1. Which angle between 0 and 90 degrees, to the nearest 10, do you get for helix 110-119 versus the longest principal axis of the chain when only C-alpha atoms count?
2. Excluding residue 186 itself, what net charge comes from residues whose Cβ is under 15 Å from its Cβ, given Lys and Arg +1 and Asp and Glu -1?
3. Cβ neighbours within 10 Å, averaged per peptide: list 178-184, 97-103, 140-146 in order, most packed at the top.
4. Return one whole number: the accessible area per residue of the chain in Å², for a 1.4 Å probe.
5. What angle do you read, to the nearest 10 degrees and between 0 and 90, between the alpha-carbon axis of helix 181-191 and the longest principal axis of the chain?
6. A 21 angstrom limit on the alpha carbon distance is what I want to check against. Which of 8/30; 55/153; 31/72; 27/72 exceed it?
7. What angle, in degrees between 0 and 90 and rounded to the nearest 10, separates the Cα long axis of helix 150-160 from the longest principal axis of the Cα atoms of the chain?
8. For region 46-186, which whole-number percentage of the solvent-accessible area (1.4 Å probe, protein heavy atoms only) is attributable to carbon and sulfur atoms?
Amino acid sequence: MIVDSTFKALLTRYQVTDTEAQQAIAKVTKKVDFNPGQVLYPLGCQPSFMYWVEKGLLRSVFYTESGKEFSKEFYWEGDVFLGIRNLLNGEPLPYEVVAVEQSHCFQTPLKNYNLARQAFQCWQQFHQGFLEAHILAKEFKEELLLLNSNEQKVVRIYETYPEFVSRVPGTLLASYLGLTPVSLSRIKKRLGL
């Protein structure tokens with residue numbers, strides 16, 4: 001059982017302040033560590049756990065048949081991920097989640113999370129807020145990728161997430177922006193980044 005103040009602070013940040021509701025999740029949550037390159041959700045899995053990122057950087061990644069990688073999204077301190085596609089419609093995930101940096105997470109069984117959502121209003125509200133935040137992040141990425149030139153994409157991501165881009169290896173940032181590493185490097189050089 002997690003009695004960690006960091007986890008409780010994370011729950012409070014997400015407005016899960018009811019002690020009984022917190023305990024419903026804390027009692028089945030454990031701390032787990034992941035090394036860089038370690039896979040949390042393998043391609044095609046149906047996740048059994050959700051993760052709360054205490055420290056570190058992870059990413060969801062799509063692979064083409066030819067082996068090319070596209071970073072779907074990144075997760076860092078304070079983020080939560082749970083395989084939304086599988087949770088909502090039961091489909092196996094068409095991507096994998098892998099640690100980019102040494103990462104420390106809290107791992108909660110999804111079955112217990114789903115029970116807590118049914119039993120506690122604050123968990124229903126958390127879930128609604130989580131889905132809304134996810135939709136807004138997707139809208140930002142769609143706008144970023146569809147309405148901007150390659151140079152504008154780089155400028156925008158550097159302006160919006162300066163700490164993030166300082167942590168992400170250039171090859172992974174390029175795959176997130178739909179660029180080749182060489183193109184990203186040239187754009188960064190031209191912009192003095």
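The values are calculated or read from the model by the stated rules, or taken from the named source; none is laboratory data. Worth saying up front: this structure is predicted, and the values here are computed from it rather than measured. Every residue, glycine among them, receives a Cβ derived from its backbone with ideal geometry; neighbour counts consider all protein chains shown. These accessible areas exclude ligands, DNA and RNA; they are computed on the full protein's heavy atoms, side chains included. Shrake-Rupley method; radii C 1.70, N 1.55, O 1.52, S 1.80 Å.
1. The helix 110-119 is inclined about 60 degrees to the chain.
2. Result for the local shell: +3.
3. Sorting 178-184, 97-103, 140-146 by mean packing, highest first, produces 97-103, 178-184, 140-146.
4. Result: 53 Å² of accessible area for each residue.
5. Around 70 degrees separate the two axes.
6. Distance filter (> 21 Å) returns 55/153; 31/72; 27/72.
7. 40 degrees
8. Exposed carbon and sulfur together represent 53 percent of the surface.
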